[in-house]
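Okay, structure first, notes after.
The values are calculated or read from the model by the stated rules, or taken from the named source; none is laboratory data. Values in this document were obtained by computation on a predicted structure and should not be read as measured data. Virtual Cβ from ideal backbone geometry, glycine too; neighbours counted across all protein chains shown. Areas reflect the complete protein model, heavy atoms only, side chains present, ligands, DNA and RNA absent. Shrake-Rupley method; radii C 1.70, N 1.55, O 1.52, S 1.80 Å.
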Amino acid sequence: MNEPALTAELIASHGLKPDEYQRILKLIGRAPTFTELGIFSAMWNEHCSYKSSRLHLRGLPTKAPWVIQGPGENAGVIDIGDGEACVFKMESHNHPSFIEPYQGAATGVGGILRDVFTMGARPVACLNALRFGAPEHPKTRHLVAGVVAGIGGYGNSFGVPTVGGQVGFHTRYDGNILVNAMAVGLARSDAIFYAKATGVGNPIVYLGSKTGRDGIHGASMASAAFEADAEEKRPTVQVGDPFAEKLLLEACLELMQTGAVIAIQDMGAAGLTSSAVEMGAKGNLGIELDLDAVPCREAGMSAYEMMLSESQERMLMVLDPARAEIAKAVFVKWGLDFAIVGKTTDNLRFVVKHGGEVKADLPIKELGDEAPLYDRPWVAKPKQAVIEARDVRPPVSPDVALLRLLATPDLCSKRWVWEQYDHLILGNSVQQPGGDAAVVRVGDGPKGLAFTTDVTPRYCEADPVEGGRQAVAEAWRNLTASGARPLALTDNLNFGNPEKPEAMGQLVGCIKGIGEACAALDFPVVSGNVSLYNETQGRGILPTPTIGGVGLVKDVAKAASIGFKKADEVIMLIGATAGWLGQSLYLRDICGLERGAPPPVNLDAERRNGDFVRELIAFGDVSAVHDLADGGLGVALAEMALAGNLGARITVLPEGERHGVLFGEDQARYVVTATTANSLRIAKAAGQAGVPLVALGVTGGTALALPDCEPLALARLREAHESWLPAYMGA
């Protein structure tokens, strides 16, 4: 193949700026080959190098006594006791899912599953966090349908339950939806596999499906803003095969038992390039590849195409040469390709050969270490005005407002979504989607794991630092509300163009807030992903730093859920209520005002109140628990009534303006229910611990009755809550 001349236009089309290209020339002392240009493009783009964010990410807390592996590997690993480890990570597939929603979302699930089982873990759960444009936008319905079908199609076929997630809508995602996929697996804590290559002359083995032309420049496309030509980028979207991935999982886990695996790396973003470079660089070794040995499903593929292909269901391993034949037999048994495509060397060079020619010869460490690192200019978001509830005139009565809120796109039931996912497969799902956190039994129990994904983008837009703090605090609360001890998190930082100081300021602010909350709550970051340039024709998304939290439940039989359980139990509100309406859904969707400062996050109160609630759950003192977030107290009460199919009579509210008390989104709050006897003990303990508590009323009946309001029959609440999404999707 005749390689094209390296023109300024060609270099720019690879996402490399003129000064970055000059850096390449200085580094290697000559002009790169076309294949080398593609390799640099893959390794130095935002998606792989974190060149705009890693300066700020260094400040995040990543260590704790229970952390086995923090950021820097395929996934994070935490110790959950009894010789067991939990392996998890979250990543984005935003741009591919906008271009081709089914395959974009499906391969996002496939990629994150590989990150987990590459570490030696068997996947036990998937979650997601989805953000779509305004419902009235002409593409939104099509994108929702395709993304949900893609997630369900891949996860259901692979055989892992999809147990939780988030779905939100806002016009700022009209041209750039977000699809964040999270996977969780279990492994023995003494049998974790890493990407660091060791030993000179060891074989490098290609495993899994064949290489095709799909996904070429996928990582580069994920590191660029969309213009009007988004549809033309369809060839950069990969095509997934969940059945092939299931075979790859079983073959990899079987192979890991043989002792043959020295290092292993998923071929994800930038495919063969990043996987080979990362394994060699981490082990201070060189890598030599012979592309003639790479299994291809298309004829005539060039070195450039093979190195940048992001075909799915592929792995790269460094194997013990003495066990290579054992390894091959495993993959042959599972009907998967097994090919020795290279070897480790001692010269710290990354050498790629094809057709008897050297197509690339580059310094392997510098491919990663010398990637640009930018301290980009940024500006802080000006503080927004505090909106007092007394200054907001309620346009409707609280009962009417509650019905309307329950029927909004953000607060309506997402049953239409999660019923398309198999959340029961493997038989260990303890709680179905729709509550605060998913709970999955570990083996035969009694131990379990709780999972959640959380973020409130409108808070992050109004005040990035406070929004970052709140995203972590809400994830921590959701795990706590299930009875889990929060252990660690993975994040997916979705932002606009970092070359714009305002967008970069959002990223910096949110990272600062996340770090503060993680430190205060002993909730370290062990893995994650940064997705920048999420904008279309100059319009960026809302800053969306999604938090995926993991917690440990000592006994799943004691795990809490949100539904009211019995009549005549006392309903109690834990935490202080100021009636904060700034950036609330009540202010936006009922009053038509999207403005104001978001609710402040008092991390000391979060810790104190959450520890108190977790103790109540552990001792069996409460029957239902729900944390308060979007929609405030009124929406939380309605959700608890609907989940338990049991009404409630609220006779007392905290002091303040009624609409602020019912719909304000003050943080560090929970609603719990308990028997009368238990409630008296709880109130006494709360007073001793300095935890604010108000007894609101009692459970019972077939309606939710708020003070001085028309009682709302559960049937009316359910109709409002359940109808919007199926009607919108035409289901």
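Can you give the charge dipole size of the chain about its Cα centre, rounded to the nearest 20 debye, using +1 on the beta carbon of Lys and Arg and -1 on the beta carbon of Asp and Glu? Walk me through the intermediate numbers first.
Numbers: 66 positive and 84 negative charges, 171 e Å.
Its charge dipole is roughly 820 debye.
Just for the chain, what percent of DSSP beta bridges are antiparallel, to the closest 5? Numbers along the way, then the final one.
Numbers: 93 of 115 bridges.
That works out to approximately 80 percent antiparallel.
Can you give the relative contact order of the chain as a percent, counting alpha carbon pairs under 8 Å and 6+ residues apart? Before the final figure, lay out each step's value.
Values: 1889 pairs, mean separation 110.8, N = 731.
The value is 15 percent.
For Cα extents along the principal axes in Å, one of (1) 92, 72, 61; (2) 84, 51, 46; (3) 73, 63, 50 was computed from the structure I shared and the rest are decoys. Which label?
Structure-derived value, by its label: (2).
Could you work out what % of the accessible surface of the chain is carbon and sulfur, using a 1.4 angstrom probe and leaving DNA, RNA and ligands out of the count? Display every interim value, and only then the final one.
Working: 13020 of 25180 Å².
The value for the chain is 52 percent carbon and sulfur by accessible area.
Please compute the per residue accessible area over the chain with all protein chains in place, 1.4 Å probe, rounded to a whole number of Å². Before the final figure, lay out the partial values.
Working: 25180 Å² over 731 residues.
Here the residues of the chain average 34 Å² of exposed surface.
Largest first, what is the accessible-area ranking of T673, T651, T198 with a 1.4 Å probe?
On the way: T673 0, T651 90, T198 65 Å².
My answer, sorted largest first, is T651, T198, T673.
With a 1.4 Å probe and every protein chain left in place, tell me how much accessible area K500 has, in Å² to the nearest 10.
80
Can you grab the distance from the C-alpha centre of the range 53-112 to the C-alpha centre of the range 140-162, Å, no decimals?
19
Taking a probe of 1.4 angstrom, what is the accessible area of I192 in Å², to the nearest 10?
Surface open to solvent at I192 totals about 20 Å².
Figure the gain on full extension for R415 and T7 (residue separation times 0.36 nm, minus the Cα-Cα span) and round it to one decimal in nm. Walk me through the numbers on the way to the answer.
Working: separation 408, 0.36 × 408 = 146.88 nm, distance 5.22 nm.
Contour length minus Cα-Cα distance gives 141.7 nm.
Sort the following peptides by mean Cβ neighbour count (other Cβ atoms within 10 Å, averaged over residues), highest first: 502-515, 397-410. Let's see the in-between values first.
Values: 502-515: 24.1, 397-410: 20.3.
The packing order, highest mean first, is 502-515, 397-410.
Can you tell me how much longer the chain between V358 and T198 gets when fully stretched, taken as 0.36 nm per residue apart minus their C-alpha distance, in nm with one decimal? Present the calculation step by step, with values, prior to reporting the outcome.
Numbers: separation 160, 0.36 × 160 = 57.60 nm, distance 2.40 nm.
Extra length from V358 to T198 when fully extended: 55.2 nm.
For D337, what charge total do you get from the other residues with a beta carbon under 12 Å from its beta carbon, if Lys and Arg give +1 and Asp and Glu give -1? Intermediate results must be reported in sequence, preceding the final value.
Numbers: positive: K210, R297, R314, K328; negative: E313.
Here the charged neighbours net out to +3.
Under a point spin-label approximation (7 Å from Cα along Cα-to-Cβ), what is the K684-K566 distance to one decimal in nm?
2.0
Ordering E719, E36, E278 by how much accessible area each has at a 1.4 Å probe, largest first, what is the list? Each step should come with its number before you reach the end.
Working: E719 120, E36 0, E278 60 Å².
Most to least solvent-accessible, the answer reads E719, E278, E36.
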